[in-house]
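A short reminder: the numbers here are calculations on the coordinates, not readings from a lab. Please read these numbers as outputs of a predicted model, since none were measured by experiment.
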Amino acid sequence: MSDFFRNVLFGIAILGQAANCGQTVGQTVGQTVGQDDPSSAAPLHPTVVYFHTEFFPYQQTIADPSVHHLTREFIRQAFIATVCDEFGIPALDESLGESVPTEGHVIHLALLERGSWKTKQWQVKLFAWDESQTDYDTSQLWNQTQIWQANYDWPGSIFVFNRLAPIFAAASKAEFSDALMKAGLRAQARPIAHAPQVPNEILQLLDEVDFISQYRAMQAAQQTLGEYGESPAWLEVLVRSYANLSMLTQHIGALRPRRSLRDQSFMLSV
């Protein structure tokens, strides 16, 4: 398979990452977000990270903007994957209609982006706040102080998946992890053990083209990966379930980028 098609598949695979990343909600809590220097905070183990969405149309914009839900979701889903995979912390996504938990400790994150046809630059900013702060309006965050930002070459074309998937796959191990540490996140310890083989029951679910079966397979893969760490066999289950869900839910833009990122993870593991 060519690198182009591998990267396209990767872009589609990140989409379907399970909202809770296969983790059990109920971690210990350290210092809260909101200090002048978040990177110096005590290790923070939130119950859950909630990713807010800046919905269209953007209220605070730039000159000659390029706005597309796939580019918005690609960077958001890459960060959500980093929270789950690199930190082992559950994450919920407003783009998928998931609600803010009413119990436990919640860290609120918002990843905002602006692409410009004029400058050919894509600006990304990460904002964070604690659940005790309720006066945040995502549509008004762009001009406020962020905890992290980066500039990328604007990928505004049909080749967005092919261009962004390998970049974000590498960034999730370093750049994105550093950004999330500035928000106070610290990696959860995972037991050293080999993941069990994929049962036939899960493989059969992948052949059933309906929402419930694919979601069950995805949840099983997420739970196993969350408990045992990366496994090529279970990553394959995750990629296939996300790919199937992506085709079944074309109208939900957040799932296609997740699927792409997951496919890249699988390619890197084999």
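Worth a mention:
- Rg [Å, one decimal], Dmax [Å, integer] - the range 52-189, C-alpha atoms: 14.8, 45
- Gap separating the Cα centres of the range 166-216 and the range 80-151, nearest whole Å: 19
- Whichever lysines have a C-alpha closer than 26 Å to that of LYS173, once near sequence neighbours (fewer than 8 apart) are set aside: LYS120, LYS125, LYS182
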